[in-house]
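In what follows, a structure is listed as C-alpha cells, so that the remarks can point back to it.
The values are calculated or read from the model by the stated rules, or taken from the named source; none is laboratory data. Since this is a predicted model, take the numbers as computed values, not measurements. Glycine gets a Cβ as well: all are built from the backbone with ideal geometry, and neighbour counts include every protein chain shown. Ligands, DNA and RNA are excluded from the accessible area calculation, which covers all protein heavy atoms including side chains. Shrake-Rupley method; radii C 1.70, N 1.55, O 1.52, S 1.80 Å.
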Amino acid sequence: MSTSLRSSAATFLVVLGLGSGVSLARALKSNELPVSPSQIDSRKRVSAQQSIVDARLTADQIEEGEINEVYQGIVKIHLQGDYRGAADKYRLLVIPMAERTQSGVTRRKFLFLSYRGLGNCYLAMSRFAEAEEMFQKLFEYLPIWPGMENSDYAINFESIAMARMGQQRWKAAEESLEKAVTIFDDQIGLAVTSGPDSAQNERANKLRMSQDMALNLFAVVYFREQRYAEALGILERAYRQGIAFRAPSDVVEQIVDDGRAVSIAAGDFEAIAIWSKRVPQGPIGP
C-alpha cells in the first residue's frame, strides 16, 4: 500500500473468534499530499488573464497546504491510538475546512481522507454502524480523488466489510469482499498488461498484497459461517499468491496463523499438517 501503514486500529481477535487473531482494521493511509505553491516570476511578461490564473492556482495550493498541515497533525494523533480525539478533530476541523475550500479537487480529496480517517477511528472504537456509514460516504469522492482506478476503490469495499463483520452481518460482509477481490483482479490484470517495467511490477505486487488481506478477511467470514473448506481454500489462494509475489512477512504470517486456526477448528488433520509446516520463506518485503 505504498507508504501507508497497514495496521492503524484494533485487532478483533476475541470478537470474531479466530484463535490466531485477524487484523481487521484497514490501514489509515498517511498520504503526504505535497504542496508546492507556484512561484510567479515577476521578470516574465505575462498577460493579465494569465496572472489571474497563476494567482488562483497559487491561492488554491496555499489553501491545500493549510488543510494538509491540520490533517497531518490529526494523523499523528490517530496513529498514537487516541481514536476519540482524532475522530473529533477529523469531524470538527478538517471536514469543515475542506467544505469551505474553493478548489473542488482539494475539497473532495480532504473530505475523502477525513471520512476515511473517521471511519477507521470508529472501527477502532467498535462503533461499527457509524464506521460503515463513513466508508459509504467515500464513494461520493472516489471518482474525483483518488480515482476509481486507484486501489482505494477496492480497499473501501474491504473497509465496509470490516464494519459489517463487526456487526456480525456476515452475508453483507461477504458481498462487499467479493467486490473488493474482483476489483483487485481487474486492477492487477491491468497493471500486469500495462508493461513489464519495474514500476508496473511494484504496483501489481502492492495490489496483490491488498488482495491477500481481502482474501484473509473472506476466510474469517467463511469461518464464522462454519464454511471451513471454503475458508481453507481461500486462505490457500492468499498464501500461494503471497509467497509467489513476496508479500510482507506479517501478511504471510497472518494467513498462515489463520490457516492453522481454521484447519484445527475443522478437524481436518491433512490441512493441519500442511499449515503447521508453513512459515514465510526468507526475508520478505517490509
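Observations on the model:
- Selected residue [small (Gly, Ala, Ser) and in contact (Cβ under 8 Å) with a residue 24 or more places away in the chain] from 189, 259, 233: 259
- Residue match in segment 104-127 (condition: touching a Cys at 6+ places or on another chain (Cβ under 9 Å), open to solvent by 20 Å² or more (accessible area, probe 1.4 Å), farther than 22 Å from residue 215 by Cα and modelled with pLDDT of 95 or more): yes
- Criterion violated by residue 87 - all others in (1) touching a Cys at 6+ places or on another chain (Cβ under 7 Å); (2) over 20 Å from residue 135 (Cα atoms) satisfied: (2)
- When residues of segment 192-207 are limited to those that are surrounded by fewer than 24 Cβ atoms within 10 Å (Cβ to Cβ) and in contact (Cβ under 8 Å) with a residue 12 or more places away in the chain, the one farthest from the chain's Cα centre (by Cα): 192
- Check on residue 232, in a helix (DSSP H, G or I) and open to solvent by less than 30 Å² (accessible area, probe 1.4 Å): yes
- Yes/no for residue 213 being part of a helix (DSSP H, G or I), within 30 Å of residue 260 (Cα to Cα) and open to solvent by 30 Å² or more (accessible area, probe 1.4 Å): yes
- Residues that are surrounded by fewer than 15 Cβ atoms within 10 Å (Cβ to Cβ) and among the charged types (D, E, K, R) within segment 147-174 comprise 149, 171, listed in sequence order.
- Any hit, segment 111-131, residues being among the acidic types (Asp, Glu) and within 22 Å of residue 82 (Cβ to Cβ): yes
- In segment 244-257, the residue that is nearest to residue 172 (Cα to Cα) out of those that are open to solvent by less than 40 Å² (accessible area, probe 1.4 Å) and part of a helix (DSSP H, G or I) is 255.
- Filter pass, residue 175 being modelled with pLDDT of 95 or more and within 13 Å of residue 217 (Cα to Cα): yes
- Just one of (1) part of a helix (DSSP H, G or I); (2) in contact with a helix residue (DSSP H, G or I) (Cβ under 6 Å, 6 or more places away or on another chain); (3) over 27 Å from residue 168 (Cβ atoms) fails for residue 68. It is (2).
- Checklist (1) assigned to a helix (DSSP H, G or I); (2) open to solvent by 10 Å² or more (accessible area, probe 1.4 Å); (3) hydrophobic (A, V, I, L, M, F, W, C) applied to residue 144, failing item: (1)
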